[in-house]
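Scroll down for the structure; my scribbles are underneath it.
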């Protein structure tokens, strides 16, 4: 594996870095003061990203994207991830990014015209409704939502929650249990059988549309609403989640890097006990630990991306990266706050916001403990070498 960047990728990385530093980061303050302005700010940032040729880095050129390899995407999303607004400015943030990949691979042409193409352009947002209260989540086999046959269509019944981006989404990809097995459906937000019960109050606040609780009650849909084939919902979920876990890691790595840089800058100018913080060995150790873990995280991401580019499955690698990166970035942000002290827990820097936003990463897309169990089982019973 060649760890060098070709000239094209290095130039694109620099353009994304410049966009984030010059355009995106300066807008963070106004969003922090008024989260209600986020959607407006993101529309403006997406317009600028399009003008700079940075929009849709994860999609093929025939769909208006940049046509990057997974390895190139890792570099781009890390740079975009330096700001919580960055990936959304490029229209490459969850859940839309994962939904785009899924729709591109599975949807028929009529579904692509109705759902995928408006999503690609940034005209609409979407949601992925799988998780349920006391039902499907870390264990999808607990899926309780049902899809009952009625004539040539289905009637969906059930309750979903923690559907990211629910408020303001134009449509949802809904997973429900049909007679054929778990099946995915495309359901419009304004369908009379779909009700947004509430936006769940959570510790993180920077996901447009929040995390919604949805009630499906007498939700009648036609056969044209089925995404792919009935009974293949879990298979499609895997197609979506393995790459989506990896792109999550790419984006959050940027947060860990920027947090560490902010801590370093502070340590070099802050004096304590007669010398700069940077001269205290305890601070040097914390910076060193963050560099070690973030470097290891980057290598894990690049290796998994390399395997995807070779057409290989990355279930094992994606699980390992998800656990390690989520925890490493969390520790890096925590150390940055410790180094910056009172300033770090204020909102004069983005560190306290990073801390709140990154903590749920250890839960969504599979809790660390579930991934560790899966990694251990594969290692033990499939004879995988460490």
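You will find that of 22, 78, 62, 28, the residue that is under 16 Å from residue 251 (Cα atoms) and outside the structural domain of residue 187 (by TED's automatic domain parsing) is 78 and no other. Pairs meeting the criteria (first residue in the range 87-112 and under 14 Å from residue 246 (Cβ atoms), second residue in a loop (DSSP other than H, G, I, E, B), beta carbons under 8 Å, at least 6 apart or on different chains) are 87/81; 87/93; 92/56; 92/57; 92/58; 97/58; 97/91; 101/58.
Take residue 245 and tell me if it is surrounded by 14 or more Cβ atoms within 10 Å (Cβ to Cβ), more than 26 Å from residue 334 (Cα to Cα) and either in contact with a strand residue (DSSP E or B) (Cβ under 8 Å, 6 or more places away or on another chain) or not assigned by TED's automatic domain parsing to the domain that holds residue 79 (or both). Reasoning before the result, please.
Working: surrounded by 14 or more Cβ atoms within 10 Å (Cβ to Cβ): yes; more than 26 Å from residue 334 (Cα to Cα): no; either in contact with a strand residue (DSSP E or B) (Cβ under 8 Å, 6 or more places away or on another chain) or not assigned by TED's automatic domain parsing to the domain that holds residue 79 (or both): yes.
Judged against the criteria, residue 245 is not a match.
Among the residues of the range 161-206, the ones that are buried (at least 20 other Cβ atoms within 10 Å of the Cβ), out of contact with any helix residue (DSSP H, G or I) (no Cβ under 8 Å at 6 or more places or on another chain) and assigned to a loop (DSSP other than H, G, I, E, B) come to 2 in all. Whether any residue in the range 205-214 is at pLDDT 95 or above and more than 18 Å from the chain's Cα centre (by Cα) is what I want to check. Checking the range 205-214: at least one residue is at pLDDT 95 or above and more than 18 Å from the chain's Cα centre (by Cα). Conditions first: (1) outside any helix (DSSP H, G or I); (2) farther than 23 Å from residue 163 by Cα; (3) over 22 Å from the mean Cα position of the chain (by Cα). Residue 218 passes all but one, so which condition is the exception? The failed condition is (2).
One line per residue, one yes/no per condition, for (1) over 14 Å from the mean Cα position of the chain (by Cα); (2) in a loop (DSSP other than H, G, I, E, B); (3) modelled with pLDDT of 95 or more:
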residue: 40; (1), (2), (3): yes, no, yes
residue: 44; (1), (2), (3): yes, no, yes
residue: 49; (1), (2), (3): yes, no, yes
residue: 54; (1), (2), (3): yes, yes, yes
residue: 59; (1), (2), (3): yes, yes, yes
residue: 83; (1), (2), (3): no, yes, yes
residue: 99; (1), (2), (3): no, no, yes
residue: 112; (1), (2), (3): yes, no, yes
residue: 120; (1), (2), (3): yes, no, yes
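Applying a threshold of 8 Å to beta carbon distances and a minimum spacing of six or more residues, or different chains, the list of pairs starting in the range 370-386 at a residue that is in contact (Cβ under 8 Å) with a residue 12 or more places away in the chain and ending at one that is in a loop (DSSP other than H, G, I, E, B) and surrounded by 10 or more Cβ atoms within 10 Å (Cβ to Cβ) reads 370/138; 370/139; 378/384. Evaluating residue 275 against the criteria (1) in contact (Cβ under 8 Å) with a residue 40 or more places away in the chain; (2) more than 19 Å from residue 101 (Cα to Cα) leaves one unmet condition, (1). Can you name the residue in the range 38-47 that is surrounded by fewer than 17 Cβ atoms within 10 Å (Cβ to Cβ) and free of Cβ contacts under 8 Å to residues at least 60 places away in the same chain and is also farthest from residue 16 (Cα to Cα) among such residues? For the range 38-47, the residue satisfying everything is 40. The residue that is modelled with the lowest pLDDT, counting only those in the range 140-160 that are part of a loop (DSSP other than H, G, I, E, B) and in contact with a strand residue (DSSP E or B) (Cβ under 7 Å, 6 or more places away or on another chain), is 152. Per the listing 32, 11, the residue uniquely in contact (Cβ under 8 Å) with a residue 12 or more places away in the chain and in a helix (DSSP H, G or I) is 32.
Mind checking which residues of the range 224-242 are surrounded by fewer than 20 Cβ atoms within 10 Å (Cβ to Cβ) and out of contact with any strand residue (DSSP E or B) (no Cβ under 6 Å at 6 or more places or on another chain)? I'd like the intermediate steps shown before the answer.
Quick first cut of the range 224-242, residues surrounded by fewer than 20 Cβ atoms within 10 Å (Cβ to Cβ) only: 224, 228-232, 234-235, 238-239.
Those that are surrounded by fewer than 20 Cβ atoms within 10 Å (Cβ to Cβ) and out of contact with any strand residue (DSSP E or B) (no Cβ under 6 Å at 6 or more places or on another chain): 224, 228, 229, 232, 235, 238, 239.
Condition (residue is surrounded by fewer than 17 Cβ atoms within 10 Å (Cβ to Cβ) and more than 18 Å from residue 189 (Cβ to Cβ)) applied to the range 78-98: is it met by at least one residue? Looking through the range 78-98, none of the residues is surrounded by fewer than 17 Cβ atoms within 10 Å (Cβ to Cβ) and more than 18 Å from residue 189 (Cβ to Cβ).
Looking at residue 176, is it within 18 Å of residue 111 (Cβ to Cβ), at pLDDT 95 or above and touching a strand residue (DSSP E or B) at 6+ places or on another chain (Cβ under 8 Å)? In short, yes.
The values are calculated or read from the model by the stated rules, or taken from the named source; none is laboratory data. Because the structure is a prediction, the values reported are computed rather than measured. FYI the Cβ positions are ideal-geometry reconstructions off the backbone, even for glycines, and counts take in every protein chain you see.
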